[in-house]
Amino acid sequence: MASTRRDFFRNALGLSALALAANAYGSEKNLRDDVEETKLIMKDRRSAFNMREYAAPAISNIRVGYIGMGNRGFASMKRLAQFEGVEIKAIADCYEYPIDRARQWLKSVDYPAPDEYFRDENSWRELIERDDLDLIYVTTPQYLHAEMASAVMEAGKHAACEVPLGYTLADCWKLVETSERTKKYCGILENCCFDFFESLTINMALRGALGELVYGEGAYIHYFPAETIFEEPMPPLSKKGGYYRFAVGALNKGNRYPTHGFGPVCQAMRINAGDKPNFLTSVETDDFSTGHVFEEILARGSEYHKQFAGASFTGNMNTSLVRTEKGKVIKIQYDRVSPRPYSRIHMLSGTQGFVQKYPEPARIYLEHDRPLDEEEMKEIEKEYSPELIQFLAENAVKFGGHGGMDFICDYQLIDSLHNGLPLNISVYEGATWSAVTPLSLWSVTHGSQPIEFPDFTGGSWATNKPFDLSLRGGGTTKVTPREPKE
Ligand SMILES: NC(=O)c1ccc[n+]([C@@H]2O[C@H](COP(=O)([O-])OP(=O)(O)OC[C@H]3O[C@@H](n4cnc5c(N)ncnc54)[C@H](O)[C@@H]3O)[C@@H](O)[C@H]2O)c1
């Protein structure tokens, strides 16, 4: 029906929060329509302003707000509370219990209490309108990111947003356009770009140690039993939303969580900085796991489970291929439901070398069939471990978060703002990596036909500088541990 189509698209651009959320994971047809209509509207768009090279004015004391005090928001807030030149002024959630956990922790380390917003699912709007915030972390479930991060920028603050940035192509474009128009950053918290092996091998690739990179693979293969995916949230679901995080990753076709695998490979292969993705094609197996387990869950489940009855579930394995302007290929996989070991693959294949992280142990080959031994690995680390990572390694282990990469991710963002440096990962990367979700859904539901990949940089990909893991003249931000009192 044409009116439904128009309504969806209007919602996507106007972003009426939970209406968009409902559509974003509810209807395959809406998601496909979004891809087609957005592609037409944005065809041949040129960039209004290049956010990748833009350095916003330095901020010596960064006043921070959080929307979403769940696992990621709470962990990040604890890290930032230990940064000098950062002040956590306000936190929001749609429930009080995550706020209370933050409140208790902050009290235990004698941190000045931030203002709290938790009346309902719209309370975050009051937080973003405050005139004493510089940066707002968006750490809510993924289908709310685009809505919230756009509103943050419209309200005159920089946004730091969890992965993925958006679920639809309209989401991705909206974030790019809003960022360019408001000159506010929309950073994506893609921590995997800062993991030790990834950053080492990205640096090797960018410095030519693997020759010309020709092919790469990334993935998000992370087993969650269907019982976990459809576990009823506590407290019980209300109209407040926010509890579909795992279920969202199992509904609809396509790669539902692309950025952890695709992001680091794109950085190594200079995507948006000398090369760009031209088209994507995607194939997907049927679902052999979720559907029939869900039937059993539904039979003994509650009201909560009924909303997923009749849903289309993601196949066990989605495989997408991206071909680039310079004739390279990247493979990205997604499987959350098969009982197999965790993997982001992170494989880079060049004319003079090959690296692969998973299955661990991670290996580097500079001769075609012999991995580097322990001594040679140490030499390589000495030579190629990036300046930023060497500088932060000790603190990364101390302050933690996925082995330290979360700390590094936060640090480089905060340090960029302190020193007036362009963001290390711009809104264009966030949009490009997140766009795999709608594009792969479109391809899978069109017999795996290729679909053109949008150029979110509006042409600046040809001249943008690659990912920079040096200190870039920064590194001035200090961190001081805060230990909870006994
Ligand atoms: N980078 C990573 O390694 C990584 C790891 C896990 C999750 N994530 C991403 O982080 C995000 C959050 O994941 P999580 O594990 O913290 O989820 P979570 O469910 O623990 O936390 C989300 C929080 O958002 C709150 N929320 C929901 N709707 C809200 C609204 N309208 N207003 C205010 N608060 C609202 C929820 O109540 C909850 O406390 C997701 O998008 C996920 O994709 C990233």
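The values are calculated or read from the model by the stated rules, or taken from the named source; none is laboratory data. Only a predicted model underlies this, so the values are computations on that prediction, with no experimental measurement involved. Here the Cβ positions follow ideal geometry from the backbone for every residue, glycine too, while neighbour counts run over all protein chains shown.
Quick look at the values:
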| quantity | calculated |
| --- | --- |
| Residue among Tyr334, Tyr365, Tyr342 that alone is hydroxyl-bearing (Ser, Thr, Tyr) and without any contact (Cβ under 8 Å) to a residue 40 or more places away in the chain | Tyr365 |
| Which listed residue, of Ala24, Ala19, Ala2, Ala12, is surrounded by fewer than 20 Cβ atoms within 10 Å (Cβ to Cβ), at pLDDT below 55 and closer than 26 Å to Arg256 by Cα | Ala19 |
| One residue from Asn395, Asn424 being at pLDDT below 95 and assigned to a helix (DSSP H, G or I) | Asn395 |
| Members of segment 138-194 found to be modelled with pLDDT of 95 or more, more than 8 Å from the ligand (Cβ to nearest atom) and assigned to a loop (DSSP other than H, G, I, E, B), listed by number | Ala155, Gly156, Lys157, Leu165, Lys183, Lys184, Tyr185 |
| The lone exception for Glu126 - which of (1) more than 17 Å from Asp100 (Cα to Cα); (2) touching a helix residue (DSSP H, G or I) at 6+ places or on another chain (Cβ under 6 Å); (3) more than 8 Å from the ligand (Cβ to nearest atom) it fails | (2) |
| Positions within segment 90-121 being of a type in the set (Lys, Arg) and within 16 Å of the ligand (Cβ to nearest atom), in sequence order | Arg101, Arg103, Arg119 |
| Unmet requirement for Phe294, which otherwise passes all of (1) in contact with a strand residue (DSSP E or B) (Cβ under 6 Å, 6 or more places away or on another chain); (2) more than 16 Å from the ligand (Cβ to nearest atom) | (1) |
| Segment 99-128 residues that are closer than 20 Å to Ile62 by Cβ, paired with ones that are within 13 Å of the ligand (Cβ to nearest atom) and charged (D, E, K, R) (beta carbon under 6 Å, 6 or more apart) | Tyr117/Glu126 |
| Unique residue being touching a residue at least 40 places away in the same chain (Cβ under 8 Å) and closer than 21 Å to Glu162 by Cβ when the list is Asn424, Asn464 | Asn424 |
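Residue-by-condition table, conditions (1) surrounded by fewer than 18 Cβ atoms within 10 Å (Cβ to Cβ); (2) within 17 Å of Arg482 (Cβ to Cβ); (3) of a type outside the set (A, V, I, L, M, F, W, C):
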site	(1), (2), (3)
Asn71	yes, no, yes
Ile88	no, yes, no
Ala102	no, yes, no
Trp105	yes, yes, no
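Residue-wise test of (1) over 30 Å from Val355 (Cα atoms); (2) surrounded by 18 or more Cβ atoms within 10 Å (Cβ to Cβ); (3) among the aliphatic types (A, V, I, L, M).
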{"site": "Cys266", "(1), (2), (3)": "no, yes, no"}
{"site": "Thr281", "(1), (2), (3)": "no, yes, no"}
{"site": "Glu284", "(1), (2), (3)": "no, yes, no"}
{"site": "Val293", "(1), (2), (3)": "yes, no, yes"}
{"site": "Gly301", "(1), (2), (3)": "yes, no, no"}
{"site": "Lys306", "(1), (2), (3)": "yes, no, no"}
